[in-house]
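Some notes on the structure that comes next.
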Amino acid sequence: MMFFIITPGLICGAFAERMKFSAMVLFCALWGLLIYCPVAHWVWAADGMFNHANAGAKFGALDFAGGTVVHLISGVSALLCAIMLGKRLGFGQDPMPPHNLTYTFIGATMLWVGWFGFNAGSAGAANAAAVSAFVATHMAAATGTLTWAGIEWFKRGKPSILGACSGCVAGLVCVTPAAGFVTPTSGMVLGIAAGIAAGIVCYVACTTIKSKFGYDDSLDAFGVHGVGGLAGALLTGVFSSSEIAGVGKGGLIEGNSQQLVNQVVAAGTSLVLAVVGTFIILKVVDALVGLRASQEDEIQGLDLSQHGEEGYIISY
């Protein structure tokens, strides 16, 4: 249920400042029930068609704490939302810097600590899988932070706290599906690999690709969670260890190329459901209550127009 709440919440970052509150509530409820629940069942239920523990599953995939189930499907759905709702007023013309980097930094550090519960806690016990997940999670966050900030430093001449925070989250996202399926030693290697992969791939997605196609993903939900989730799902098929994950669940690094194939099939199927389902849900919500706030409401600010209260009251 916690993951059920978190997953559609991630999507909201893509359409910040422009969707009506009534539409958001309806969209999140429908998306959670019709997209999240089926994918969670496919991957985690005992009889799920992508559950590796299900003997009848043709493509048994591994997803320890939600790389595909949480991050991939929310990320691609977020991209579709950003495209279908259109850009914020003034996007690309008016400056739109982050309004409070202090809060960004505090939030990222809280996420870093909380993710230990997210990943290591998914083991359900204080065991080897929890230890491996904890180690891999920390290494991925640290490496993602350094990689993203390092790329910025090289390309722009200045590393930024926003970039470091983005890299931290990207690393956490990328390591999530594999965290509990590797040994502590491999967990360190995976964490570093995931951090570097996430730092590079997600950086490109959030800068070059976003700039080239011009979509307005306000908080880079697709660039970080969608791209990072896909990278993590595929890396799971590479680094998974049969010693921790179980017999027959080793990855490509142990010579089992089929596991990588399984990861691709599971991620691809989930992605298709997310895209098609999100498109239909957005159309239904638009027909029922309308998706986008009016231009006047956007100019006034959704805190005032949708809720009758201000996020910041500044007195002069």
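Nothing in this text is a laboratory measurement; each read-out follows from the coordinates by a stated rule. For clarity, every value in this text was computed on a predicted model and none was experimentally measured. For neighbour counting, all protein chains shown are included, and Cβ atoms are generated from backbone atoms with ideal geometry for every residue, glycine included.
Which ³J(HN,Hα) values in Hz, rounded to whole numbers, follow from the phi angles of the stretch 171-188 under the Karplus curve 6.51 cos²θ - 1.76 cosθ + 1.60, where θ = phi - 60° and Gly and Pro get x?
Calculated HN-Hα couplings, in order: x, 5, 4, 5, 7, 3, x, 9, 3, x, 10, 10, 6, x, 5, 5, x, 5 Hz.
Note the full-extension length gain between Ala53 and Val204 as 0.36 nm times their separation in residues minus their Cα-Cα distance, in nm to one decimal.
50.8 nm
Search the structure for amide H atoms under 5 Å from the amide H of Asn51, placed 1.01 Å from N in the peptide plane, and list their residues when 5 or more places away or on another chain.
Those qualifying (amide H under 5 Å, at least 5 residues apart or on another chain) are Ala61.
Relative contact order of the stretch 230-281: what whole-number percent is it, with Cα pairs under 8 angstrom and at least 6 residues apart?
Computed over the stretch 230-281, the figure is 30 percent.
Roughly speaking, what is the stretch gain from Thr185 to Val284, that is 0.36 nm per residue apart minus the C-alpha to C-alpha distance, in nm to one decimal?
Between Thr185 and Val284, full extension yields 30.8 nm more.
Can you spot the lysines whose alpha carbon is less than 26 Å from Lys58's alpha carbon? Ignore those fewer than 8 places along the same chain.
Lys249
Can you give the relative contact order of the stretch 2-299 as a percent, counting alpha carbon pairs under 8 Å and 6+ residues apart?
26
Where does the chain land at 222 nm, in deg cm²/dmol rounded to the nearest 500, when only DSSP H runs of n ≥ 4 count, each adding -39500 (n - 2.57), divided by all residues?
After summing the helix terms and dividing by the residues of the chain, the value is -19500 deg cm²/dmol.
Amide H of Arg292: which non-local residues (sequence gap of 5 or more, or other chain) have their own amide H closer than 5 Å, using H built in the peptide plane?
Lys20
Tell me the angle of helix 227-239 to the major Cα principal axis of the chain, expressed in degrees between 0 and 90 and rounded to the nearest ten.
Between the helix axis and the principal axis of the chain, the angle is about 0 degrees.
Which pairs break 20 Å Cα to Cα here: Lys87/Lys155; Lys155/Lys210; Lys158/Lys212?
Correct reply: Lys87/Lys155; Lys158/Lys212.
So how do Ile209, Ile200 line up by other beta-carbon neighbours within 10 Å, fewest first?
Lowest count first: Ile209, Ile200.
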